[in-house]
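What follows is a short report on a single structure.
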Amino acid sequence: MSIRIDHISKSYGKVNALDDISIQVDPGELFGLIGPDGAGKTTLFRILTTLLLPDHGSASVAGYDIIADFKAIRKQVGYMPGRFSLYQDLTVEENLRFFATIFGTTIAENYDLIRDIYVQIEPFKNRRAGKLSGGMKQKLALSCALIHKPKVLFLDEPTTGVDPVSRKEFWEMLKRLQAKGITILVSTPYMDEAALCDRIALIQDGRILEIDTPKAIVEHYPKPIFDVGAHNTYLLIEKLNAYVHKHSVFPFGEYIHYTDQRDGFDPLELRAYLKNEGLQNIHIERTKATIEDTFMELAKQ
Amino acid sequence: MKEETVIKVEGLTKVFGDFTAVNKISFHVRKGEIFGFLGANGAGKTTAMKMLIGISSPSSGSANVAGFDVYTQTEDIKKSIGYMSQKFALYDDLTVKENIRFFGGIYGLSKNRISQKSNLLIEELGLEKVAHSLVGSLPLGWKQKIAFSVSLLHDPKIVFLDEPTGGVDPITRRQFWEMIYKAANNGTTIFVTTHYMDEAEYCDRVSIMVDGNIEALDTPKNLKTHFGSDSMNDVFLKLARS
């Protein structure tokens, strides 16, 4: 087991940041913590990287206990915190050399591991980190977290606020690192990124809602789900929410995702209701649940 | 029915030294429209938005926002618009009520009007229990919903939203969009940036900026048809990567 989290709890005053969390991550696995702001993701990262002590429970990383062997863990893991962690007034190259030196290595020794990522920012190696664009900062931070060849990589919301193109490139980099045998624990508030992980934990308010592969999580969705569209989306949402048999009504891109309370739901009945309420160009079609549907269904309970 | 145009942009340009951040962009936004302003990080969205809200002077081109000129009537623009972003929304160390009173005051609302609006807002969002709590102690999603309501306090013609839902949980994110629909339905124009491509689909029309230029502008449906894509995410990737 590469990461073992056993009944970890942590509170700050009255707030339960983490409530009895247990997760096991296999060696070489790309594991995602999926949840919104305030779910407890950062607290968990800080506990696993030995920067914070849990109130209850135990955990180990790369075979080392987070309390007894904290110094060994620090040598074995790479950590990219959510907030930009580099030295703004050092250049790109100076930042990287600094992190390499701290871990008793050199850029040359592990250059292979970071080459793919670092070549993209190497043209700017004499630029101060503070002057880099968001996407470049992210690549430098990842290079710095990797320069000592860690066994386990912790990435706390590496793609938050990053545009879809840079996000896609970032995930392609993670897949290549995974292929090199590095275990990766990554958190994200973007549900579409969940599908790119081997397994995910859906987490909200310090509790785990579910742990499984993205595919299984989607298959567990309990109800048939329908795309509903009409000429006026605002009116449509209002009327769907007012429908006595509705179970859930959530906008999803072009359509509204609708589920009904009843087992034998007939879409024609809903169509008649909406027509009667003055909606035009009504579209109702069965669709597949996404990770986000599942997350919201579990979060509602 | 004649449609009223509330934002008119023609050849708007901003140059920093030898770098053209915004390159001759042109578009119109109608009253009550939800207009999505998309683009990769560094494409020039923020620079363009700053010119439209009257805090950065264009290098060339023209723009008229809520009937006012972006060169000469910036103070009038500021009074006619609402603004919120992920980074700046409310003061964490003021309570919900204090924030409402503060922003109401800034926008020049009368005492009576502020107290009336304040009660209405608190009731609509179901905030009775936290009205006297510090905003900093509230979950992000709540803050963003309050911030949006506060940006509407002075009944602005247009609201500019800069990544309003970043990091917000999926249920609250949707409640936020329901608030946007409601405001638009009441005739408020919404100008919004986001990195969530499903949110791009909620917009009436969407523009996509690449390297300072507007490379595409249409309804989400037409954009998807035009690019042969089944999602806005795919449209975005095709445009921004080419």
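As a quick test, which of the pairs A:Lys139/B:Lys45; A:Lys125/B:Lys221; A:Lys223/B:Lys31; A:Lys288/B:Lys145; A:Lys239/B:Lys31 have an alpha carbon distance above 31 angstrom in this structure?
A:Lys125/B:Lys221; A:Lys223/B:Lys31
Relative contact order (percent) for chain A, with alpha-carbon contacts under 8 angstrom and 6 or more residues of separation?
It rounds to 20 percent for chain A.
What FRET efficiency do you get for B:Asp155 and A:Ser85 if R0 is 56 Å and r is their Cβ-Cβ distance, rounded to the nearest 0.05?
0.85
If R0 is 56 Å, what FRET efficiency do you get for A:Arg262 and A:Thr106 from their C-beta distance, rounded to 0.05?
Once the sixth-power term is evaluated, E becomes 0.25.
Using only Cα atoms and rounding to the nearest 10 degrees, what angle (0 to 90) does helix B:170-185 make with the longest principal axis of chain B?
80 degrees
Hey, got the Cα dimensions of the stretch B:156-242 along the principal axes, in Å, largest first?
36, 28, 23
Using Cα atoms only, what is the angle between the long axis of helix B:96-106 and the major principal axis of chain B, expressed in degrees (0 to 90) to the nearest 10?
60 degrees
As a test of understanding, state the convex hull volume per residue of the stretch B:115-176 from its alpha carbons, in Å³.
Once divided by residue count, the hull of the stretch B:115-176 is 96 Å³.
What 222 nm value per residue comes from the helices of chain B, counting each DSSP H run with n ≥ 4 as -39,500 (n - 2.57) and dividing by all residues, nearest 500 deg cm²/dmol?
Calculated from helices alone, the mean residue ellipticity at 222 nm is -11000 deg cm²/dmol.
In whole Å, what is the distance between the alpha-carbon centres of the stretch A:201-238 and the stretch B:176-212?
22 Å
In the Gaussian network model of chain B, springs joining C-alpha atoms below 10 Å, which of B:Gly67, B:Gly212, B:Gly36 carries the largest mean-square fluctuation?
B:Gly67
How far apart, in nanometres, would the label points at B:Asp76 and B:Gln116 be if each is projected 7 angstrom from Cα along the Cα-to-Cβ direction?
Label-label distance for B:Asp76 and B:Gln116, simple model: 2.6 nm.
Please compute, over every Cα-Cα pair in the stretch A:225-300, the percentage with a separation greater than 16 angstrom.
Cα-Cα pairs of the stretch A:225-300 separated by over 16 Å account for 44 percent.
What are the semi-axes of the equivalent ellipsoid of the stretch B:2-72, taken as the square roots of 5 times the eigenvalues of the Cα gyration tensor, listed largest first and rounded to whole Å?
Semi-axes (√(5λ), whole Å): 21, 14, 9.
In whole Å, what are the extents of the protein assembly as shown along the principal axes defined by its C-alpha atoms, from largest to smallest?
Over the protein assembly as shown, Cα extents along the principal axes are 71, 65, 51 Å.
Per the helix-only calculation at 222 nm, which mean residue ellipticity applies to chain A, given -39500 (n - 2.57) for every DSSP H run of n ≥ 4 and division by its residues, nearest 500 deg cm²/dmol?
Calculated from helices alone, the mean residue ellipticity at 222 nm is -10000 deg cm²/dmol.
Can you tell me the length gained on complete extension of the stretch A:Tyr12 to A:Asp198, counting 0.36 nm per residue apart and subtracting the Cα distance?
Full-extension gain reported as 63.8 nm.
What order do A:Ser2, B:Ser26 take when sorted by accessible area (1.4 Å probe), most exposed first?
B:Ser26, A:Ser2
I'd like to know how the stretch A:3-219 sits against the 2.2 N^0.38 Å rule of thumb: what's its Cα Rg over that expected value?
Cα Rg divided by the expected 2.2 N^0.38 Å: 0.99.
Alpha carbon centre of the stretch B:87-120 versus the stretch A:23-84: separation in Å?
First find each Cα centre; the distance between them is then 41 Å.
Give me the net charge of A:Lys41's neighbourhood, meaning all other residues with Cβ under 14 Å from the Cβ of A:Lys41; Lys, Arg count +1, Asp, Glu -1.
Once all neighbours under 14 Å are counted, the net charge is -3.
Taking Rh as the Kirkwood radius, which is the inverse of the mean 1/r over Cα pairs, what is the Rg/Rh value for the stretch B:41-182?
Rounded to two decimals, Rg/Rh equals 0.99.
Give the percent of DSSP beta bridges with both residues in the protein assembly as shown that are antiparallel, rounded to the nearest 5.
60 percent
Could you please report the charge total around A:Val186, scoring K, R as +1 and D, E as -1 over all other residues with beta-carbon less than 9 angstrom from its beta-carbon?
My count for the surroundings of A:Val186 gives -3.
Angle, helix B:111-124 long axis vs. longest principal axis of chain B, Cα atoms, 0 to 90°, nearest 10?
Roughly 80 degrees, rounded to the nearest 10.
Computed FRET efficiency, Cβ-Cβ of B:His226 and B:Val15, R0 35 Å: what is it to the nearest 0.05?
It comes to 0.70.
Convex hull over the alpha-carbon atoms of chain B: what's its volume per residue in Å³?
For chain B, the hull spanned by Cα atoms encloses 133 Å³ per residue.
How high is the relative contact order of the stretch B:105-242, given as a whole-number percent (alpha carbon pairs under 8 Å, six or more residues apart)?
So the answer I get is 15 percent.
Would you mind telling me which residue in A:Ile147, A:Ile284, A:Ile121 has the biggest mean-square fluctuation in a Gaussian network model of chain A, where springs connect alpha carbons within a distance under 10 angstrom?
A:Ile284
Distance in nm between label sites at B:Glu124 and A:Lys246, each 7 Å beyond Cα in the beta-carbon direction?
About 1.9 nm separates the two model spin labels.
In units of 2.2 N^0.38 Å, what is the alpha-carbon radius of gyration of the stretch A:148-223?
The stretch A:148-223 yields a ratio of 1.17.
Just to be sure I follow: if Rg is taken over the C-alpha atoms of the stretch B:177-225 and Rh is the Kirkwood radius over the same atoms, what is Rg/Rh?
Computed over Cα atoms, the ratio is 0.99.
Starting from 0.36 nm per residue, how many nanometres of slack lie between A:His220 and A:Ala179 once their C-alpha separation is accounted for?
Full extension of this stretch gives 11.9 nm more.
Could you tell me the relative contact order of the stretch A:204-275? Use alpha-carbon pairs under 8 Å, at least six residues apart, and round to a whole percent.
About 26 percent, as a whole number.
Where in chain A are the helices, taken as whole DSSP H runs, whose Cα atoms extend 15 angstrom or more along the long axis and whose Kyte-Doolittle mean reaches at least 0.0?
Span-like helices here: A:92-102, A:134-146.
The values are calculated or read from the model by the stated rules, or taken from the named source; none is laboratory data. Everything numeric here is computed off the predicted structure, so don't read it as measured data. For neighbour counting, all protein chains shown are included, and Cβ atoms are generated from backbone atoms with ideal geometry for every residue, glycine included. Just so you know, the surface numbers come from the protein's heavy atoms only, side chains and all, with ligands and any DNA or RNA stripped out. Shrake-Rupley method; radii C 1.70, N 1.55, O 1.52, S 1.80 Å.
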